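Chemist: Questions regarding the structure given below will be posed in turn.
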Amino acid sequence: MRARSALVYTVLRLAAFLVPFGLMMLLPIMREYYWLSAVFAALIGLSLSMLFLRRPLEDLSTDLASRPRRKITDEDVEDAATSE
């Protein structure tokens, strides 16, 4: 389930940036100043993700927090160094 929530959130964040950027690139003045379109699209994407992507972000955060953590010990580091 962890990979699915990460994939959903990533795709939605990319869409939140690419859709406004694509729409702004349809305007002739914005084609000339593509960097300004990218800045505006980033701001719009940030705003959209803060408003509408809270649930996918919470799902991703919950999945990442619930994964088991493996503590790396000195023996693991030494074994990895000597095996090379």
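The values are calculated or read from the model by the stated rules, or taken from the named source; none is laboratory data. As the structure is a prediction and not an experimental result, all values here were calculated from the model. Cβ atoms come from the backbone with ideal geometry, glycine included; neighbour counts cover every protein chain shown.
Chemist: Scanning for something of a type in the set (Val, Ile, Thr) and at pLDDT 90 or above, does the range 44-65 turn up at least one residue?
Modeler: Filtering the range 44-65 down to residues of a type in the set (Val, Ile, Thr) leaves 44, 62.
So of that shortlist, the ones also at pLDDT 90 or above come out as 44.
Among the residues of the range 44-65, at least one is of a type in the set (Val, Ile, Thr) and at pLDDT 90 or above, which makes the answer yes.
One line per residue, one yes/no per condition, for (1) of a type in the set (A, V, I, L, M); (2) surrounded by 10 or more Cβ atoms within 10 Å (Cβ to Cβ); (3) free of Cβ contacts under 8 Å to residues at least 60 places away in the same chain; (4) more than 30 Å from Gly22 (Cα to Cα):
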| residue | (1), (2), (3), (4) |
| --- | --- |
| Tyr33 | no, yes, yes, no |
| Leu43 | yes, yes, yes, no |
| Asp59 | no, yes, yes, no |
| Thr62 | no, yes, yes, yes |
| Glu78 | no, yes, yes, yes |
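Chemist: Quick one: how many residues across the range 1-25 are exposed (fewer than 13 other Cβ atoms within 10 Å of the Cβ) and assigned to a helix (DSSP H, G or I)? Write out each step before concluding.
Modeler: Step one: of the range 1-25, the residues exposed (fewer than 13 other Cβ atoms within 10 Å of the Cβ) are 1, 3-4, 7, 10-11, 14, 18, 22.
Filter again for assigned to a helix (DSSP H, G or I), leaving 3-4, 7, 10-11, 14, 18, 22.
Number satisfying all stated conditions: 8.
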